[in-house]
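The values are calculated or read from the model by the stated rules, or taken from the named source; none is laboratory data. What you see is a predicted model, and the numbers here were worked out from it, not measured in a lab. FYI the Cβ positions are ideal-geometry reconstructions off the backbone, even for glycines, and counts take in every protein chain you see. Surface accessibility is based on the protein's heavy atoms, side chains included, excluding ligands, DNA and RNA. Shrake-Rupley method; radii C 1.70, N 1.55, O 1.52, S 1.80 Å.
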Amino acid sequence: MGYSNVVFDKKDVFLVTGGAGFIGSNLCEAILDKGNKVVCLDNLSTGKKANVDIFINNPNYNFIEGDITDFTTCKRACENVTYVLHQAAWGSVPRSIEMPLYYEEVNIRGTLNMLEAARQANVKKFVYASSSSVYGDSMELPKIEGNEGKVLSPYALTKKTDEGYAYLYNKLYGLDTYGMRYFNVFGKRQDPNGAYAAVIPKFIKLLKENERPTINGDGYQSRDFTYVENVIEANLKACKASSDFAGESYNIAFGGREYLIDVYNVISSALGKKIEPIFGEERKGDIRDSNADITKAKRNLGYDPDWSFEKGIYAAIQWYLENI
Ligand SMILES: NC(=O)c1ccc[n+]([C@@H]2O[C@H](COP(=O)([O-])OP(=O)(O)OC[C@H]3O[C@@H](n4cnc5c(N)ncnc54)[C@H](O)[C@@H]3O)[C@@H](O)[C@H]2O)c1
């Protein structure tokens with residue numbers, strides 16, 4: 001269970017792209033805690049300088065402010081790197097519907113740049129962030145790798161394309177790639193601000209400030225909310241996975257299913273608030289229900305998540321109470 005028993009050689013160096021963001025900064029922290037060196041590549045577009053500053057005095061941490069759309073920067077970042085954990089991308093389904101050209105450039109071209117730079121640098125493993133959005137309009141529950149529907153947004157298409165390139169880099173060039181299909185990740189340092197903020201930090205922040213959050217739809221849409229510690233475990237275990245299981249994608253979730261209205265109620269009662277939400281329009285590009293079958297990641301990566309939604313949500317609320 002967890003990742004405390006995942007051990008790396010002290011000489012192993014990790015490159016975390018998007019390391020100034022939510023998931024990336026949690027990965028940097030876990031790797032530094034293991035005593036390994038981390039290179040963080042981030043252009044600070046949606047990431048935060050504060051997420052760099054917490055590690056900057058650690059001699060094992062090296063920050064490169066740069067853009068994955070620039071191939072030379074990607075090549076420089078991959079020098080002497082053992083493992084690449086590629087998280088840099090633009091998230092948010094609604095924003096991708098508003099600005100598809102930008103998503104193409106960052107999420108597809110940026111990922112291709114990173115794959116090519118990693119191949120040229122001969123890195124051992126290339127583990128990258130995909131997304132549950134690749135399941136698109138498939139109504140099947142739980143979601144199982146191989147049973148994808150048609151994508152519903154430019155964002156989902158970028159992740160699907162990334163998976164296609166990662167597959168090719170494995171088959172054509174022998175690069176060990178592993179796609180992490182994250183399902184609604186939450187936890188410390190996830191940005192609560194802005195129009196495109198994820199629902200959990202947004203609810204916590206607004207309720208804490210006695211404001212009324214909006215639920216898009218009737219609140220009975222469901223998600224497999226996944227605490228960030230499980231995501232760290234998956235990434236670190238993928239670094240140790242057999243090459244036989246490379247070139248593929250894996251559902252990374254807890255394997256539960258929460259209704260949004262219940263999530264809202266858990267947060268408001270933990271904060272001691274009695275505030276009715278506003279029910280707004282359903283969002284374009286969203287699916288109604290999502291929950292993951294995690295059998296494949298368990299079997300091939302040894303993934304064995306031990307942070308349930310219930311355990312994670314109280315840890316996350318505690319962090320937001322102390323930090324925002
Ligand atoms: N959070 C989730 O629930 C979730 C779900 C599915 C997939 N993902 C994927 O996980 C990854 C990390 O997501 P997150 O939630 O931590 O988002 P985030 O926005 O907090 O982090 C993304 C980071 O990438 C950086 N970045 C963006 N464009 C860049 C560029 N051109 N060059 C260099 N750096 C760039 C940003 O500055 C930011 O620090 C993304 O690939 C995202 O698509 C996240």
Legend entry - Distance (nanometres) between label positions extended 7 Å along Cα→Cβ at residue 306 and residue 218: 4.0
Inset, instruction - Could you please state how large a percent of the accessible area of the chain is carbon and sulfur, counting protein chains only and using a 1.4 Å probe? - result: 49
Inset, instruction - Compute the Kirkwood hydrodynamic radius of segment 170-285, taking the inverse of the mean of 1/r over all pairs of distinct Cα atoms, and give it in Å to one decimal. - result: 16.2
Inset, instruction - Return one number: the angle in degrees, 0 to 90 and rounded to the nearest 10, between the long axis of the Cα atoms of helix 228-239 and the longest principal axis of the Cα atoms of the chain. - result: 20
Legend entry - R0 of 25 Å, Cβ-Cβ distance residue 144-residue 240: FRET efficiency to nearest 0.05: 0.55
Legend entry - Lys/Arg +1, Asp/Glu -1 at C-beta; the chain dipole; positive extreme among 247, 30, 178: 30
Inset, instruction - Output the relative contact order of the chain, whole-number percent, from Cα pairs under 8 angstrom with separation of 6+ residues. - result: 18
Legend entry - Tensor-based shape of segment 1-135 (alpha-carbon gyration tensor, a/c under 1.5 rounded, otherwise prolate or oblate): prolate
Inset, instruction - Might you report the magnitude of the Cβ-based charge dipole of segment 53-163 about its Cα centre, with Lys and Arg at +1 and Asp and Glu at -1, to the nearest 20 debye? - result: 280
Legend entry - Cβ-placed point charges (K, R +1; D, E -1), dipole of the chain about Cα centre in debye, nearest 20: 440
Legend entry - Alpha carbon centroid spacing (whole Å) that separates segment 302-324 from segment 84-112: 26
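If you take every DSSP beta bridge fully contained in the chain, what fraction is antiparallel? Give it as a percent rounded to 5. All intermediate terms of the calculation are to be shown ahead of the outcome.
Numbers: 2 of 38 bridges.
Bridges in the chain are about 5 percent antiparallel.
Relative to the Cα centre, what is the charge dipole magnitude of segment 46-94, using +1 at the beta carbon of each Lys and Arg, -1 at the beta carbon of each Asp and Glu, and rounding to the nearest 20 debye?
Working: 4 positive and 5 negative charges, 13 e Å.
Result for segment 46-94 is approximately 60 debye, rounded to the nearest 20.
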Inset, instruction - Leaving ligands, DNA and RNA out of it, rank 319, 90 by accessible area with a 1.4 Å probe, largest first. - result: 319, 90
Legend entry - Bins of 5 Å, starting at 0 and running to the largest distance - Cα pair percent for segment 38-108: 3, 14, 24, 23, 18, 11, 5, 2, 0
Inset, instruction - Give the accessible surface of the chain per residue, rounded to a whole number of Å², with probe radius 1.4 Å and ligands, DNA and RNA excluded. - result: 43
Legend entry - Whether segment 70-170 is rounded, prolate or oblate, judged on the alpha carbon gyration tensor where a/c under 1.5 counts as rounded: oblate
Legend entry - Whole-Å semi-axes of the chain's equivalent ellipsoid (Cα gyration tensor): 30, 22, 19
Inset, instruction - Determine Rg/Rh for segment 209-276; Rg is computed over alpha-carbon atoms and Rh is the Kirkwood hydrodynamic estimate from the same atoms. - result: 1.16
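Rank these residues by their accessible area, most exposed first, probe 1.4 Å: 42, 262, 67. If you can, show how the numbers build up before the last one.
On the way: 42 15, 262 70, 67 50 Å².
The residues order as 262, 67, 42, largest area first.
Once a ≥ b ≥ c are taken as the square roots of the eigenvalues of the Cα gyration tensor of segment 100-246, is the result rounded (a/c under 1.5), prolate (a/b larger than b/c) or oblate (a/b not larger than b/c)?
Numbers: a/c = 1.91, a/b = 1.77, b/c = 1.08.
The shape class here is prolate.
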Legend entry - Separation of alpha-carbon centers, segment 193-209 and segment 66-83, rounded to whole Å: 33
Inset, instruction - Mind pulling up the Rg/Rh value for segment 1-49? Radius of gyration and Kirkwood radius, both on Cα. - result: 1.02
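State the extension gain, in nm to one decimal, for the chain segment bounded by residue 283 and residue 5, taking 0.36 nm per residue of separation less the distance between their alpha-carbons. Intermediate results must be reported in sequence, preceding the final value.
Working: separation 278, 0.36 × 278 = 100.08 nm, distance 4.10 nm.
Going from the current span to full extension adds 96.0 nm.
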